[in-house]
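Down below is the structure, laid out as structure tokens.
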Amino acid sequence: MELKPYMGYSREAGSFEGAVLIFAHGIKEAKVLAWKEMRYDIVEDYMDVAVNRLWEKDWLFKDADQEKLKQGIAHVVISPTGCRSCELWGEELNDEGYCPDCEEEYKINKRGVRIL
Ligand SMILES: [Zn+2]
């Protein structure tokens, strides 16, 4: 069975406070891996672990451990490649490494309008 990408984070704190990228065969496996990775750090208890399937985000596979991916071994990526500006991940980054939100801002900045 193929590995699928999931995002794991604290239900209470929200994904902006820290999220890990998980490659797993199913949501249960993803949740167990998320818990092992984030317990006592990002999440307090198992009930607080939230896991979302990331649909149609094939570029996330670039961040996977390619060897484990090939062998079908579920694993966690603690620091996926994030946007150059806001450091968030989960959206496709452009060639310059910006997410769609920051790309918009960057274009405006290039036109000479400063946004602070
Ligand atoms: Zn960004």
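Can you name the residue in region 48-73 that is assigned to a loop (DSSP other than H, G, I, E, B) and under 15 Å from the mean Cα position of the chain (by Cα) and is also nearest to the ligand (Cβ to nearest atom) among such residues?
LYS57
Could you list, in sequence order, all residues of region 1-20 that are more than 13 Å from LEU69 (Cα to Cα) and of a type in the set (A, V, I, L, M)?
Residues satisfying the conditions are MET7, ALA13, ALA19, VAL20.
Go over the candidates GLU96, GLU92, GLU87, GLU103 one by one and state the one that is at pLDDT below 95, over 21 Å from PHE16 (Cα atoms) and not assigned by TED's automatic domain parsing to the domain that holds SER10.
The unique qualifying residue is GLU96.
Those residues that are outside any loop (DSSP other than H, G, I, E, B) and either of a type outside the set (S, T, N, Q) or not assigned by TED's automatic domain parsing to the domain that holds LYS36 (or both), I need them from region 1-15; list them, please.
Listed by number, the residues that qualify are LYS4, PRO5, TYR6, MET7, GLY8, TYR9.
Within region 10-32, count every residue that is buried (at least 19 other Cβ atoms within 10 Å of the Cβ) and under 17 Å from THR81 (Cβ atoms).
Residues flagged as buried (at least 19 other Cβ atoms within 10 Å of the Cβ) and under 17 Å from THR81 (Cβ atoms) within region 10-32 amount to 5.
For region 35-54, does any single residue satisfy the condition of being at pLDDT 95 or above, farther than 26 Å from CYS99 by Cα and aromatic (Phe, Trp, Tyr)?
yes
Restricting the search to region 74-106, which residues are closer than 19 Å to MET1 by Cα and either among the charged types (D, E, K, R) or not in a loop (DSSP other than H, G, I, E, B) (or both)?
HIS75, VAL76
When you go through SER85, SER15, SER10 one by one, which is the residue that is of a type in the set (S, T, N, Q) and away from the ligand (no atom under 16 Å from the Cβ)?
SER10
The values are calculated or read from the model by the stated rules, or taken from the named source; none is laboratory data. From a predicted model like this one, the values you see are computed outputs, not experimental measurements. Backbone-built Cβ (ideal geometry, glycine too); neighbour counts: all protein chains shown.
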